[in-house]
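Read through the structure below, which is laid out as structure tokens, and then see the notes.
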Amino acid sequence: MLEIEIDGKKLTVPGGSTVMDAANSIGVHIPHFCYHKKLSIAANCRMCLVQVEKAPKPLPACATPVTDGMKVFTHSDQAVTAQKGVMEFLLINHPLDCPICDQGGECQLQDLAVGYGQSGSDYAEEKRVVANKDLGPLISTDMTRCIHCSRCVRFTEEIAGFQELGMANRGEFTEVMPFIGKTVNSEISGNVIDLCPVGALTSKPFRYTARTWELSRRKSVGAHDGLGSNLIVQVKNNKVMRVLPLENEAINECWLSDRDRYSYEALNSQERLTKPMIKQGGVWQEADWQTALEYVANGLKQVVAEHGKDSVAAVASANSTVEELFTLRKLMAGLGVEAVQAFARNADFSVKTQGAKWLGQSLEELSQNEAVLIVGSTVRKEQPLLAQRLRQAVKKGMALSLVNVHGDDLLTKLAGEVIVRPDQLLEGLLQVVKAVVELKSVAAPAGIDLANVVVSDAARAIANSFEGKAKAAVLLGNIAQTSARYAEIYAAAAALAALTGAKLGVPAVAANSVGAELIGADLGGNVFAAAKKAYVFVGVEPEFDAHNGSQALAAAKQAEMVVVMSAFQSCAMDYADVLLPISPFTETSGTFVNMEGKAQSFNGVVRPLGETRPAWKVFRVLGNVLGFNGFDYNSSEEIRDEALAGDTAARLNNTLTSAVAVSAKSAQGLVRLGEVPVYQGDAIVRRAPSLQATADAALATTVRLNAATIAKLGLVDGGKAIVKQGQGSAELTVKLDAGLLDDVVRVATSHPLTRDLGEMVGAVEVLKG
Amino acid sequence: MSTNNLTTHNLLSAESLAQIDREVAKYPADQARSAVMGALRIAQVEKRYLTNDMIEFIANYLGIAPMMAYEVATFYNMYDMKPVGKHKLTVCTNLPCALSGGYTTANYLKQKLGIDFNETTADGKFTLKEGECMGACGYAPVMLVNNHSMCNHMTPEAIDKKLAELE
């Protein structure tokens, strides 16, 4: 520990701290632009100059290490003169366009110019002008305003993992730009907007729509991935205008994925459903809530009476809140219906664990692992900030490895990577299990047949990366979770975890997957395998949110009665009998349980649009209309307290209840690799126009194959191909993906272009288009 | 780290790639980024100037982001981002040279060749560039021919002689 003095205040700080760290620890503010606690030190803005006793000139606080007995003055004459001088230089080329600048009111340069600048300048010459850059549909640029702090450049390199932005040229010709002709395509690119201390990088969808001081800031929780990022939702005139991250070091740190940041656009879309509607005689008519709810109550009661309680299923989005799923389940239980399924994207429902499946540790504990293996995951797109967290952990020495079905770059160093066909994910994992068994010279785990498994060098590298590591984890990604052989994969992963002393973790696919399991909204198996007589869809679009979209849509069309509760009109007009407008996460209070088992409650940030009602209130009324007991809730908090009563942490358990027999099989022929594209995951992101204009969204319209497969099938990179699966087909653009194995056909699921195709992984035909 | 859109065909000769491999070998295996200056220099020697495609090719070859290579290529003024003539003449106009006749040299060259800085003669023979300190102030004014050969005390007479040699 070193003793220093800042502005006369004595303090002790650990060795290796900078003057900036020391000042922050006692709440002394030193003005700065380029310094950011999560980024490397650049010391190029010079705004943080302070006086240090015995130093001949002012020193940058962000880059000056503390020495014992150091005396720092942040407001002395020398420091103030230096800060004023730097500010004058920074303002030389900065345009005086604050009145038309989106950053106005939340601009660090504006604030510091008031606090540390002068009213005039010695500079009377011309200011420089810099051409704007096209960074894609999410980030708007006004490069003349740039002060070259390089935060955005360091972010893309250090946090996002690939330096998409850079500082070209030099001296007064320096410009921040992407490589010629490229846009910024990172799945967490929006963070550069928050990082930019001036108005050079601003949000494109938000541009010119509101001023920061007109907006109220309300807390919420991200409703798309399993992380549960904390949000600040900014609201004006009862409309969501913008979403920003709320700093929470344990979850999203100070970052936010683009999906959480820009999905709000859908909340104000024309597609919103604002009134209950009933189809009568094939014609849609608006109805009042009373009529609609009585129609639903009578209809469901009648179907149960006529066809039995197994003829009805409720399918909910796993992005629904705890309160919604709990009241839905209670309502269905009242009708005698057991099937309440929030995991319609799964194919194998035979995995039975002793509790709700979860990450097996907190996110912070995950970062501290020395070795982590991820099985079957497009991590960057499934959980963008989890990928970021792992990337930082790898820099601190974590050995990260993958058993995967494609070679997508995680933009970090890997200790080993086994790439297999999508129908061979289990066999890939078994290679690692066998490599560990051989390395440790132990018997094969019970129930796992390793006889036919051939171990690759990559699998041995992964096995070695676990050797001697006290803290390790094995994670099952979305591709593993939706696999038709999930139970076997799960058992193999559990066995590997047991062999290596690692924790088994299941990163939740959706915002409330863990909550849904806690409540028991995972019953009924594949509710579309045999068509039911009646369906209740809560925030779900069967053609996009089921494992086999075409099967689910066909089942919905066959049903006698389909109740659709959604915030959007969607394509439910075809098969629904009644449409009930329910609130998206911004218009209701509720709770999400994230992948680490943490329940986060939030309030509605705006009033429900039109006659939209929170789903839990709809279920409450339905319960009362049907005359069930226990639906007299006064608030969502009462429901939450009942739903999550007791110690929920004790109900999280990834241990299998019974052994699963695991054996390797061989596979051949063309096979589909179907993933849910990053911006197709739920009804909200599917309707966010800016996200749909990104490069990631465009990628979802392609069929990706490796060069050998393209040649074998007589296709052309960039040409058209027709993909056939079951009864359906899709015409897509061919795109080369060197990371795939031979015969793997990578076609997105949950996408309008591929809705007629079948299950996520299965045999396909590909013809030249 | 590799990207999926690796340029499949080589933009450089086998000899140049072998030289780049030598540069890469000078640094630890995970620090190929350090070889970017050498690699760009080797590419420029072969192709006379650097195109964006070439910069991207080199970045991919080294396994770094294209922007990292572009930053370097645009920062240093000895990398040419536009076509240059057969002979590139770079005159130093930094202070010591300027005091010893650097501008006289430059002006003489401009008038003799009929071009300004950053321009190429109509016959494509000469390109004139303004250079930064070449570390030879004692021999001012200095001029660099084709980045690799340094000429001292470039008085008008010396220039005439040098240009005649280059014809």
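The values are calculated or read from the model by the stated rules, or taken from the named source; none is laboratory data. The structure displayed is predicted, hence computed values, not measured ones. When we count neighbours, we look across all protein chains shown, and the Cβ atoms used for this are built from the backbone with ideal geometry, even at glycine. Ligands, DNA and RNA are stripped out before the accessible areas are found, and what is left, the full protein with its side chains, is counted by its heavy atoms. Shrake-Rupley method; radii C 1.70, N 1.55, O 1.52, S 1.80 Å.
What's the carbon and sulfur percent of the range A:16-82's accessible surface, probe 1.4 angstrom, rounded to a whole number?
Details: 1630 of 3000 Å².
Result for the range A:16-82: 54 percent of the exposed heavy-atom area is carbon or sulfur.
Note on the range A:309-365: with neighbouring protein chains present and a 1.4 Å probe, carbon and sulfur make up 45 percent of its accessible heavy-atom surface.
Between B:ALA35, B:ALA59, B:ALA43, find the one with the highest GNM mean-square fluctuation for chain B; connect C-alpha pairs within less than 10 Å. Fluctuation is largest for B:ALA35. Measuring with a 1.4 angstrom probe and ignoring ligands and nucleic acids, A:CYS149 comes out at about 10 Å² accessible. Name the residues of the range B:62-103 whose accessible area, probed at 1.4 Å, falls by at least 30 Å² once all protein chains are in place instead of their chain on its own? Going by heavy-atom accessible area, the residues of the range B:62-103 that drop by at least 30 Å² are B:ALA65, B:PRO66, B:MET67, B:MET68, B:TYR70, B:GLU71, B:THR74, B:PHE75. Rolling a 1.4 Å probe over the heavy atoms of the protein chains gives the protein assembly as shown an accessible area of 40 Å² per residue. Spatial offset of the range B:26-75 relative to the range A:558-602 amounts to 52 Å, using the alpha carbon center of each.
Can you give the relative contact order of the range B:15-153 as a percent, counting alpha carbon pairs under 8 Å and 6+ residues apart? Walk me through the intermediate numbers first.
Numbers: 214 pairs, mean separation 27.5, N = 139.
Worked out over the range B:15-153, it gives 20 percent.
What does the charge add up to near A:CYS98, with Lys and Arg as +1, Asp and Glu as -1, over the other residues with Cβ less than 14 Å from its Cβ? Provide the component values of the computation, followed by the final result.
Numbers: positive: A:ARG145, A:ARG211; negative: A:ASP97, A:ASP102, A:GLU106, A:ASP111, A:ASP142.
Result for the local shell: -3.
The helix-based estimate of mean residue ellipticity at 222 nm for chain A, built from -39,500 (n - 2.57) per DSSP H run of four or more residues and divided by its residue count, is -7000 deg cm²/dmol to the nearest 500.
Against chain A, whose longest principal axis is taken from its Cα atoms, helix A:457-466 shows a tilt of about 70°.
At a Cβ-Cβ separation cutoff of 4.7 angstrom, cysteine residues of chain A with no neighbouring cysteine are A:CYS48, A:CYS62, A:CYS98, A:CYS101, A:CYS107, A:CYS146, A:CYS152, A:CYS196, A:CYS254, A:CYS571. Surface calculation, 1.4 Å probe, protein heavy atoms: B:GLU132 sits at approximately 90 Å² accessible. For the range A:161-179, a drop of 10 Å² or more in accessible area on going from the chain alone to the assembled protein chains (1.4 Å probe) is found at A:GLY161, A:PHE162, A:GLN163, A:GLY166, A:MET167, A:ALA168, A:ASN169, A:ARG170, A:MET177, A:PHE179.
Taking all protein chains together and a 1.4 Å probe, the residues A:PHE73, A:PHE466 rank A:PHE73, A:PHE466 from largest to smallest accessible area. Other residues with beta-carbon under 12 Å from the beta-carbon of B:THR120 carry, at +1 per Lys or Arg and -1 per Asp or Glu, a net charge of +2.
Once you charge only the Cβ atoms, +1 for Lys and Arg and -1 for Asp and Glu, what is the size of the charge dipole of the range A:620-769 about its Cα centre, to the nearest 20 debye? The partial results should precede the final answer.
Numbers: 15 positive and 17 negative charges, 143 e Å.
With only Lys, Arg, Asp and Glu charged at Cβ, the dipole is about 680 debye.
For chain A, averaging the sequence separation of C-alpha pairs within contact (under 8 Å, six or more residues apart) and dividing by the residue count gives a relative contact order of 13 percent.
From the alpha carbon centroid of the range B:102-124 to that of the range A:195-213 is 47 Å.
What aspartates and glutamates does A:LYS9 reach when the alpha-carbon gap must be under 16 Å and sequence neighbours fewer than 8 apart in one chain are set aside? Correct list for A:LYS9: A:ASP21, A:GLU53, A:ASP68. The chymotrypsin sites (Phe, Trp or Tyr not before Pro) of the range A:136-237 that DSSP puts in a loop, and whose beta carbon has at most 13 other beta carbons within 10 Å, are A:TYR208. Here is the interface size for A with B: some 1700 Å² of accessible area buried, both sides summed, with a 1.4 Å probe.
With the contact rule set at Cα under 8 Å and sequence spacing of 6 or more, what percent relative contact order holds for the range A:573-659?
Numbers: 70 pairs, mean separation 21.3, N = 87.
In percent, rounded to a whole number, it is 24.
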